[in-house]
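One structure is given below, encoded as structure tokens.
The values are calculated or read from the model by the stated rules, or taken from the named source; none is laboratory data. Remember, it's a predicted structure, so these values are computed and weren't measured experimentally. Virtual Cβ from ideal backbone geometry, glycine too; neighbours counted across all protein chains shown. Ligands, DNA and RNA are excluded from the accessible area calculation, which covers all protein heavy atoms including side chains. Shrake-Rupley method; radii C 1.70, N 1.55, O 1.52, S 1.80 Å.
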Amino acid sequence: LEPTPIWAFNPAGAASVPILLYHHISDEAPGTRYYVTPAEFKKEMEDLQRWGYTTIPISLLVDALKSGASLPPRPIVITFDDGHQSVYDNAFPIMKKLGMVGVVYIVANRLQSKDFMDVAELKEMIDSGWEVGAHSMTHADLTLNHGNLRSEILDSRLTLESALGVHVPTFAYPFGAVDSTVAQKTADYGFKAAVGLGRSWEHTLGTLYYLSRIEVYGGLETQAFAALLPWHEPLIP
Ligand SMILES: [Zn+2]
């Protein structure tokens, strides 16, 4: 029997929580940047469990940063960008079996497109404890046209919230591209935080609108995957 991990209060202001980023979980293009095979993904999730990680929704990390919150030992956030169908088909069942939850960043105008997850699938994931974030309306680079920020940022949130019937608290910048105007509008349009790209797992109030996410490429050996993470040996109770 696994011992129950003891959650502890994390005071507001800072938290150490790796946020991983995946795209496709599929056998389509093994060993490439955006495709992690289901077998690799299963091994990575099992390794995380063996190393004592507990998945949390990103809103809990945001709460911890803003007001303090109880976190499990070795918390981790697992995110998936773009809403590919393979996340529902392959990642969701693997994680569900292991008792893990994730966060999907959805491009709002792709909700009814072929090869992307639909409303019914996203609702099923939400019912299992997953969280949905917005990834803009059309996946445009927001730094290139500030005239579109209202529709790309605000409308993506409103579209997803009305389709799914849940609050969509966080945003992922397409291509990780941001400038001070884009970040400010993301806050003004009602997002509590936003995620980008990076290599750090240390987050503070100052990074709320560019939380660093560690991208996991396809084809990583266990050692290379472990090197992305702060803890990679079993937790000794
Ligand atoms: Zn994207």
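A few points about this structure:
- For segment 55-141, a/c is not less than 1.5, where a ≥ b ≥ c are the root eigenvalues of the C-alpha gyration tensor, and a/b does not top b/c. That puts it in the oblate class.
- Euclidean distance of C-alpha centroids, segment 2-62 and segment 63-113, integer Å: 9
- Sum of -39500 (n - 2.57) over DSSP H runs of 4+, divided by residues of the chain (222 nm, nearest 500): -7500 deg cm²/dmol
- For Y34, the residues 5 or more places off, or on other chains, whose built amide H falls under 5 Å of its own are G218.
- Using θ = phi - 60° in the Karplus curve 6.51 cos²θ - 1.76 cosθ + 1.60, the 3J(HN,Hα) couplings for segment 193-206 round to 6, 9, 10, x, 10, x, 10, 9, 10, 9, 10, 9, 4, x Hz; x is entered for Gly and Pro.
- Solvent-accessible area, 1.4 Å probe, carbon plus sulfur percent, for segment 111-165: 47
- Distance from segment 185-237 to segment 121-177 (C-alpha centre basis), Å: 19
- Legend: distances between Cα atoms for K42/K66; K43/K96; K114/K185; K96/K185; pairs beyond 25 Å are K42/K66; K114/K185; K96/K185.
- A simple count of charges around V107, restricted to other residues whose Cβ falls under 14 Å of its Cβ and scoring Lys, Arg +1 and Asp, Glu -1, yields -4.
- Remark: the Cα gyration tensor places segment 1-149 in the oblate category, a/c being 1.5 or greater and a/b not exceeding b/c.
- Cα-based shape type of segment 80-237, given that a ≥ b ≥ c are square roots of the gyration tensor eigenvalues and the cut on a/c is 1.5: oblate
- Normalised per residue, the accessible area of the chain is 44 Å², obtained with a 1.4 Å probe and no contribution from ligands, DNA or RNA.
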